[in-house]
Ligand SMILES: *Cc1c(COP(=O)(O)O)cnc(C)c1O
């Protein structure tokens, strides 16, 4: 019942800001470099189809997701360009991939072999492992990579190669990242004669801080994820001017009451009122994706001021201290993530408070929270 939840807790997605973020990022790339919009995990919680359609209207032609269902959802939703699945898809899905003109990452020789056994030639790109040790042919042995790629090329419509940088977002990662890029280039050069159209290695952080403007293939591209949504790969990062969060998460006050000194609040009685306090209840909880680690830690913006969470985050509700915000009343709108007046509490801020990353915070906002687009 989204209708009811529109007045309980909802997320507002600013599509114009998404486009602005894409443009601001693109403007600092080198001439000819394109953006592959990474819209996995339902567009990092922003809604994959709406996000991708908005970017498609803005000229983006390349998209990436994590699995076959996400890819099919995009195609059914009207996405026309390339759709690359960055992770595992079972070979049993070969005919779906082919029918939907979806490009599949090949994770290993074993993965490629299972597709060969299906006898259906799908569009594919080989993943190369250059040090993350997650997926891909072992980039430490470029000759073995080259022979695997040549061996499997006839069984697929091979359109590219890619690797993933695992520490491009921090200054201490610089040396390791340069090593990853060198390894990847060695592999790319050893199969140059195949003239693969897409050979790519940059994510958000790579494009910002490890982008020497190399031309490794016909289409030079950055796989842009987190900054498209206006968030930072790492809390310490400074993003290019013009990039700002596209998502605001709101809720209302469902009840207000006064709690006497010494009374406790919520499950486990983890908060004791040090004096008479005015407490507001907000109907959002960990089932909405409001992380339980925010118990006694997070803040909610109320009338442009910060109200701390008191007690534990429940499944469907939280309690906040509004003693210093006397204007707070029943059914007032509050901001869980976003800006209200002079105050901002971003997904990145929330993430820092609980020792995670903004990516997880926005991905976690559950289906129960309707997304409104404007
Ligand atoms: C998620 C992902 C990206 C996007 O990374 P961001 O840091 O969000 O820009 C790029 N490439 C691969 C392989 C990914 O899995």
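Every number here is computed from the coordinates shown, using simple stated rules; none is lab data. This one's a predicted model, so the numbers in the text were calculated from it and none came from an experiment. Note that each Cβ is placed from the backbone with ideal geometry, even for glycine, and that neighbours are counted across all protein chains shown.
Descriptive notes on the structure:
- Stokes-Einstein D for the chain, Kirkwood Rh over Cα pairs, 25 °C, 0.890 mPa s (µm²/s): 110 µm²/s
- Normalised by 2.2 N^0.38 Å, with N the number of residues, the alpha-carbon radius of gyration of region 53-102 equals 1.10.
- Shape category assigned to region 215-374 from the gyration tensor of Cα positions, a/c cut at 1.5: prolate
- The convex hull around the C-alpha trace of region 20-68, projected and averaged over every direction, spans 3.5 square nanometres.
- For the chain, built as a Gaussian network whose Cα springs stay under 10 Å, the top-fluctuating residue of 11, 188, 153: 153
- Using alpha-carbon coordinates, inclination of helix 15-27 to the longest axis of the chain, degrees: 50 degrees
- Paired Rg and Dmax values of region 1-126, which use every Cα atom, in angstrom: 16.7, 52
- The chain - share of DSSP beta bridges that are antiparallel (%, nearest 5): 50 percent
- Computed from the Kirkwood radius of its Cα pairs, the Stokes-Einstein diffusion coefficient for region 131-255 at 37 °C and 0.692 mPa s stands at 200 µm²/s.
- Geometric descriptor of region 216-295, per residue, is 189 Å³ (volume of the convex hull of the Cα atoms).
- Evaluated at q = 0.23, 0.25 Å⁻¹: base-10 log I(q)/I(0), Debye formula over Cα of region 196-251: -0.91, -1.00
- Shape category assigned to region 165-233 from the gyration tensor of Cα positions, a/c cut at 1.5: oblate
- Here the gap between residue 214 and residue 260, fully extended at 0.36 nm per residue and compared with their Cα-Cα distance, gives a gain of 10.0 nm.
- Between helix 109-118 and the chain: long-axis angle, C-alpha atoms, 0 to 90°, nearest 10: 80 degrees
- As a rough footprinting exposure proxy, the listed residues 63, 155 were ranked by other beta carbons within 10 Å of their own, and the order from fewest upward is 155, 63.
- Crossing angle, helix 48-57 versus the chain [Cα axis fit, 0-90 degrees, rounded to tens]: 60 degrees
- Cα convex hull of region 137-186, projected area averaged across orientations, nm²: 3.8 nm²
- At q = 0.14, 0.21 Å⁻¹, base-10 log of I(q)/I(0) for region 293-374 (Debye sum, equal scatterers on each alpha carbon): -0.49, -1.13
- Enclosed volume per residue, in Å³, of the convex hull spanned by Cα atoms of region 65-141: 84 Å³
- Length gained on full extension, residue 192 to residue 234: 11.7 nm, using 0.36 nm per residue less the C-alpha separation.
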